[in-house]
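Reviewing the structure listed below.
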Amino acid sequence: MSGNLTSLPPELFACILDFVPSIDLQKTTITLLHALSYGCIPNWRRYLFYHVHLKSSENVLKLTIHLRRSPEDAALIQKFSLSTWTVDADVLINLVLAMPSLEWLSLAVGPNFAPEHLDDLFRKPMMGLKYLSLRFRPYVKRASYEPFLRGAYFDSVLSLLSSWPPLDLPTISIVQDPLDAAFAPAKSFAQPLIFFQLNLISSLTTSPLLSHTHALRLRIPGRQPAAFLYALPRITLLDLATCLISAPEALKFLQRLSSVRHLVLDGCGTLSGDVAAAQQWAKFGRDCVFLGMQRARDREKQLGEWLAAKESGSEPEEQPAPPSSGSGSGRPRGGRRSLAVSTISLRSRRGPAPKSTAAKGPTRIQARILPVAPVLQTLALSVPQHASAETRRALGVAFRRGWDEGIGALRGRMRTARRSWMNGVWTLRLAGPDEEGQYSEEGQEGLAGLVDAGDDGFARLGEALEEAHCPVLCLAGQDDRGEGIEHAEGCSHSFGWTAWEDSL
């Protein structure tokens with residue numbers, strides 16, 4: 001068989017290796033090199049060192065010795081992963097720092113690691129990094145209070161990463177494994193903590209480093225990080241499994257993180273798993289739809305306060321004539337408008353003129369903001385292990401019912417807003433994520449991120465509501481337990497498996 005293989009063109013082997021998953025590439029290359037001559041595999045060193053995956057401390061030492069002898073091979077390593085929990089942390093950190101072309105880094109951080117080790121690793125930004133995964137398992141079998149006494153927490157890692165400049169780092173995973181009772185009894189003694197000050201999470205999520213991050217996995221068992229999730233303008237996949245997150249907390253951070261499409265909340269205790277909680281699941285489905293409506297209301301309140309402040313701060317002047325209406329010709333209106341509001345340009349807006357509310361003194365412009373259609377596409381929640389397959393299906397049906405009710409209410413709100421717009425109420429919409437606001441001139445700060453709605457705005461909202469199907473709801477948990485509920489096709493877990501290249 002070896003003779004038959006050697007007769008194949010080298011380009012064919014290169015083509016085959018190009019399709020091998022990177023985690024298996026090193027092992028596959030070694031196998032081919034053992035079976036064939038080195039000349040049969042073109043550029044074999046690139047395949048051998050492209051993704052180095054080490055499973056033991058002995059492998060770490062062997063690679064360290066090899067790179068000392070052949071330092072040029074370090075530049076070939078673009079992906080590095082460590083899956084052993086027992087390793088000499090000093091040797092490992094020096095090994096990683098010797099890889100100048102690293103783009104993908106996944107580390108298993110066991111009890112041998114101290115915060116200082118990761119501080120040394122992340123003190124300087126890794127400018128080419130596109131994937132970062134830190135998986136912590138600090139648990140010990142015997143009580144040791146040294147970490148508590150000397151404050152050995154990994155908070156400094158969050159601070160260092162927060163200080164990095166903006167990078168094209170689309171995928172970040174920070175996971176603390178739940179305590180396995182088979183390894184160490186949970187209540188026998190206190191286990192080490194990974195993070196002490198959770199408020200540092202807000203520094204990380206609002207940092208320049210995460211400004212381009214699309215996928216974030218943050219698992220801190222039994223802790224409550226939801227209140228510290230801010231900014232993340234491009235986040236689409238968010239995994240907070242094992243954290244402690246109530247339904248109101250989940251809705252609050254979803255309202256702030258308006259770009260989330262895929263959400264994993266396994267083991268978070270977000271909703272009850274009893275059949276009697278069906279109404280709770282239905283309400284959560286409705287509330288997920290109403291997130292865009294609440295965003296619009298909050299922004300509308302800010303706009304109203306800004307307009308009122310502008311009016312009260314200056315002398316009134318004559319109000320200019322409004323533009324022509326998309327449904328008929330507009331007519332100049334009498335009355336006066338404050339000088340401070342006169343910087344609001346109405347020339348580019350089509351549709352009825354803004355309706356003014358008569359009052360003593362300056363005239364106040366009435367403005368409304370269109371709600372935003374929901375963008376959530378997949379959602380993973382978990383229920384207790386004793387919950388039957390029938391119970392899980394009933395809860396899923398309740399969630400979908402609530403979602404559909406919310407979409408119906410949102411359509412009604414859109415019809416009401418359109419009637420108001422036709423009656424002269426100034427109606428705007430929130431600018432999209434890749435869209436600049438219409439008002440950016442000096443004196444229009446209160447209108448930042450807003451665009452006049454017009455016919456186009458209502459058409460956009462109508463199309464978005466037509467496409468706002470109920471999210472794919474998966475109740476299988478991280479592992480399918482074979483209880484009649486398998487992973488839903490195209491669920492949040494499948495997106496996570498692709499993004500993080502693992503099955504955690």
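The values are calculated or read from the model by the stated rules, or taken from the named source; none is laboratory data. Fair warning: this is a prediction, and the values are worked out from it, not measured in the lab. A quick note on method: Cβ atoms are made from the backbone with ideal geometry, for glycine too, and the neighbour counts reach across all protein chains shown. Remember, those area values only see protein heavy atoms, side chains included, never the ligands or the DNA or RNA. Shrake-Rupley method; radii C 1.70, N 1.55, O 1.52, S 1.80 Å.
Solvent-accessible area assigned to carbon and sulfur over the range 364-504 amounts to 48 percent, based on a 1.4 Å probe.
For the pair residue 101 and residue 448, label points projected 7 Å from Cα toward Cβ lie 4.3 nm apart. Checking every one of the trypsin sites (Lys or Arg not before Pro) in the range 73-139 against DSSP loop status and a limit of 12 other Cβ atoms within 10 Å picks out 123. For residue 213, the residues whose amide H sits under 5 Å from its own are 234, ignoring neighbours fewer than 5 places away on the same chain, with H placed 1.01 Å from N.
Protein heavy-atom accessible surface, 1.4 Å probe, per residue over the range 386-504: 50 Å². Rolling a 1.4 angstrom probe over the protein heavy atoms with all chains in place gives the range 159-309 an accessible area of 40 Å² per residue. Computed from phi, the 3J(HN,Hα) profile of the range 70-79 under the Karplus parametrisation 6.51, -1.76, 1.60 (θ = phi - 60°) reads 10, x, 5, 6, 4, 6, 7, 7, 9, 10 Hz, with x in place of Gly and Pro. Here's how it looks for residue 239: its modeled amide H is under 5 Å from those of 216, 217, 218, 264, which are all 5 or more places away or on a different chain.
In angstrom, the C-alpha Rg and Dmax of the range 76-125 are 10.5, 30. Does the range 227-277 classify as rounded, prolate or oblate by the C-alpha gyration tensor (a ≥ b ≥ c root eigenvalues; a/c under 1.5 gives rounded; else a/b over b/c gives prolate, otherwise oblate)? It comes out prolate by the Cα gyration axes.
Under 1.5 on a/c is rounded, so check that first for the range 408-448, then, if it is not, pick prolate when a/b is larger than b/c and oblate when it is not; a ≥ b ≥ c are the square roots of the alpha carbon gyration tensor eigenvalues. It comes out oblate by the Cα gyration axes. Subtracting the Cα-Cα distance of residue 90 and residue 301 from their residue separation scaled by 0.36 nm leaves 70.5 nm. Backbone amide hydrogens, once placed in the peptide plane, bring residue 109 within less than 5 Å of 135, 136, 137, excluding anything fewer than 5 places away on its chain. Overall form of the range 42-175: oblate. Here a/c, set by the Cα gyration tensor axes a ≥ b ≥ c, is 1.5 or more, and a/b is not larger than b/c.
In the structure shown, the pairs 55/130; 130/301; 62/130; 124/252; 27/130; 55/252 are assessed against 29 Å; a Cα-Cα span above that value is assigned to 130/301; 124/252; 55/252. Estimated from the Cβ-Cβ distance and a Förster radius of 35 angstrom, the FRET efficiency linking residue 256 and residue 130 is about 0.85.
3J(HN,Hα) along the range 252-259: 5, 6, 5, 5, 6, 9, 6, 9 Hz, from the Karplus curve 6.51 cos²θ - 1.76 cosθ + 1.60 with θ = phi - 60°, whole Hz, x for Gly and Pro. What whole number of Å gives the distance from the Cα centroid of the range 213-227 to the Cα centroid of the range 50-107? Here the two parts' Cα centres lie 28 Å apart. In sequence order, the range 201-213 has phi-based couplings of 5, 5, 5, 6, 5, 9, 7, x, 4, 8, 5, 10, 7 Hz under the Karplus curve 6.51 cos²θ - 1.76 cosθ + 1.60, θ = phi - 60°, and Gly or Pro positions carry x. Under the simplified labelling scheme, the residue 409-residue 55 pair shows an inter-label distance of 5.3 nm, with each label point 7 Å from Cα along Cα→Cβ.
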